[in-house]
Amino acid sequence: MINKDISKLKIEKSDAVQYRRVRRKLFLKIAAVIFALIMGFILYRIVFNPVAEVKVATVSQIYPSQMFTLLNASGYVVAQRKASVASKITGRLEWLGVEEGNRVKKGQVIAKLEGEDAAAARDQAIANLDNAMFSLDMAKAEMNDATLHYNRQKELLSQGVVPRSELDIAEARYKRAKAAVAGAESAINAYKAALHFARISLRYTFIRAPFDAVVLTKNADVGDIVAPLGAAATARAAVVTIADMDSLLVEADVSESNLQKVKIGQPCEIQLDALPETRFRGMVHMIVPTADRSKASVLIKVKFLDKDPRVLPEMSAKVAFLEKPVTVEEQKPKIALNGNAILMHNNANFVFVIKENHTYKTPLTTGTQIGDMIEVLDGVKSGDKVVVSPPKNLRDGMRIKVKEK
């Protein structure tokens, strides 16, 4: 019964063909719509939203001094007064009172060596001197007595009371006493010299700063053996290294071919890599009278006119040699851009700022002209990209492509 019912089921061929035709027409319609949308989008991008090819410049922060700079050079900050402080005697470091960055005054004790032996030698010299002074007092007392006896014997001899031999004995005693006083005085001088030497030796155990300075490095620690020349393998020759911060100069190499642009007293502007936002006034202090044949350059020393505690030895620096001194106003950085980027409409300036490959018309307030740059007071900031010499068909919101140089 079931098999008979199944045998009756069948699909008409005409219905299947019709279904395939409908499906094909639907597919073609959808493809035609998608194609039309794509072509419309392409047509819109080409006709209504074209891509403009433009030149681009960056709004930058500049200093007015760049306009009258004759020459640029690079170098390093160097302390002209620098010392590795060591001891004149060998000893074990007992105390160290400074560390890196500490300021020290001339004569200030910064370290101390063990000095018990030097102190004992001083005490011994004091005792020897005291003993010599007692001996001198005794010799002087003996001399006074011998002088009185000698004079008395001379008077008695003149009266014929005593024989000549008594006078000779008194005279010999007087001369011995006089020699003893001289010897005691010489001994005192010797003991004074010995005491002076002992005190100097004890003073050498105190290591002092030779001038006002700042501690740059600490080269020894408590317990280290310190020797004048580091004679021992484990000895330290220097305890600390110090530098006079008032003696900091920038040493820069200038090519021989540009040396005629530099002269003593010439105004300069110094920029440190560690402090890029600050410009320091400077002046040519010295032109070292010799050339470096390997680099074909001459060393120029530039001093800072304004002291700043942030300036440290061995900082890398750039020096601009100027035509004239920098005024206070010229020391301040200014925001500027290429003058060819500025357009005017209805007596108002504007530029096309580029963001995400699109142009945005931006009002601009300008200031003075700095060389071929124009100062910007308001509208854009340093680092913004702007269109230079915009084409006439450039519009707000237009897509752009940067011209390759």
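Values quoted throughout were computed directly from the atomic coordinates according to the rules given, and no laboratory measurement underlies them. Just so you know, these numbers come straight off a predicted model, no measurement behind them. In this analysis, Cβ positions are derived from the backbone assuming ideal geometry, glycine residues included, and neighbour counts consider all displayed protein chains.
Taking only the C-alpha atoms of the chain, Rg followed by Dmax gives 48.3, 195 Å. Averaging the sequence gap over all C-alpha pairs within less than 8 Å and six or more residues apart, then dividing by the number of residues, gives the chain a relative contact order of 25 percent. Excluding residues fewer than 8 places away in the same chain, name every one of the lysines whose C-alpha is closer than 24 Å to that of Lys355. The qualifying lysines are Lys55, Lys334, Lys381, Lys385, Lys392, Lys401, Lys403, Lys405.
The Stokes-Einstein estimate for the range 156-311, based on a Kirkwood radius over Cα pairs and taken at 4 °C with 1.567 mPa s viscosity, is a diffusion coefficient of 56 µm²/s. Counted over the chain, the DSSP beta bridges are approximately 95% antiparallel.
Treating only the Cβ atoms of Lys and Arg (+1) and Asp and Glu (-1) as charged, compute the dipole magnitude of the chain about its Cα centre; round to the nearest 20 debye.
3440 debye
Put simply, when 123-130, 354-361 are sorted by average Cβ atoms within 10 angstrom per residue, most first, you get 123-130, 354-361. Overall, the anisotropy analysis places the range 116-203 in the prolate class: the square-rooted eigenvalues a ≥ b ≥ c of its C-alpha gyration tensor yield a/c not less than 1.5, with a/b exceeding b/c.
How much length would be gained if the chain were fully extended between Ala237 and Arg152, taking 0.36 nm per residue of separation minus their Cα-Cα distance, in nm to one decimal? Could you put the intermediate results ahead of the total?
Working: separation 85, 0.36 × 85 = 30.60 nm, distance 6.78 nm.
Contour length minus the Cα-Cα distance gives 23.8 nm.
Projecting the Cα atoms of Ile34, Met286, Leu312 onto the charge dipole of the chain, computed from C-beta unit charges around the Cα centre, puts Ile34 farthest toward the positive end. For Asp224, the residues whose amide H sits under 5 Å from its own are Leu93, ignoring neighbours fewer than 5 places away on the same chain, with H placed 1.01 Å from N. Given the rule -39500 (n - 2.57) for each run of at least 4 DSSP H residues, summed and divided by the residues of the chain, what is its mean residue ellipticity at 222 nm, to the nearest 500 deg cm²/dmol? It lands at -10500 deg cm²/dmol. With both labels modelled 7 Å from their Cα along Cα-to-Cβ, the Asn144 to Lys263 distance reads 8.0 nm. Projecting the Cα positions of Val161, Asn144, Leu93 onto the charge dipole of the range 81-221 (unit charges on Cβ atoms of Lys, Arg, Asp and Glu, taken about the Cα centre) puts Leu93 furthest along the positive direction.
For the chain, which DSSP H helices look membrane-span-like by this rule: Cα extent along the axis of 24 Å or more and mean Kyte-Doolittle of at least -0.5?
Working: long enough: 13-43 (45 Å, 0.78); 116-158 (62 Å, -0.53); 164-203 (58 Å, -0.17).
Those that clear 24 Å and a mean of -0.5 are 13-43, 164-203.
Build a GNM of the chain with springs between Cα atoms under 10 Å apart, and of Ala252, Ala141, Ala243 the one that fluctuates most is Ala141. Rounded to the nearest Hz, the phi-derived 3J(HN,Hα) couplings of the range 326-333 under the Karplus curve 6.51 cos²θ - 1.76 cosθ + 1.60 (θ = phi - 60°) are 8, 7, 4, 5, 6, 7, 7, x, where x marks glycine and proline. Applied to the range 306-319, the Karplus parametrisation 6.51 cos²θ - 1.76 cosθ + 1.60 on θ = phi - 60° returns per-residue 3J(HN,Hα) values of 10, 7, 8, x, 6, 7, 10, x, 6, 5, 6, 9, 10, 10 Hz, with x for Gly and Pro.
With θ taken as phi - 60° and the Karplus curve 6.51 cos²θ - 1.76 cosθ + 1.60 applied, the whole-hertz 3J(HN,Hα) list for the range 83-94 is 8, 9, 7, 10, 9, 8, 10, 8, x, 8, 5, 9 Hz, x standing for glycine and proline.
Of the chymotrypsin sites (Phe, Trp or Tyr not before Pro) found in the range 150-207, none is in coil by DSSP with at most 10 other Cβ atoms within 10 Å of its Cβ.
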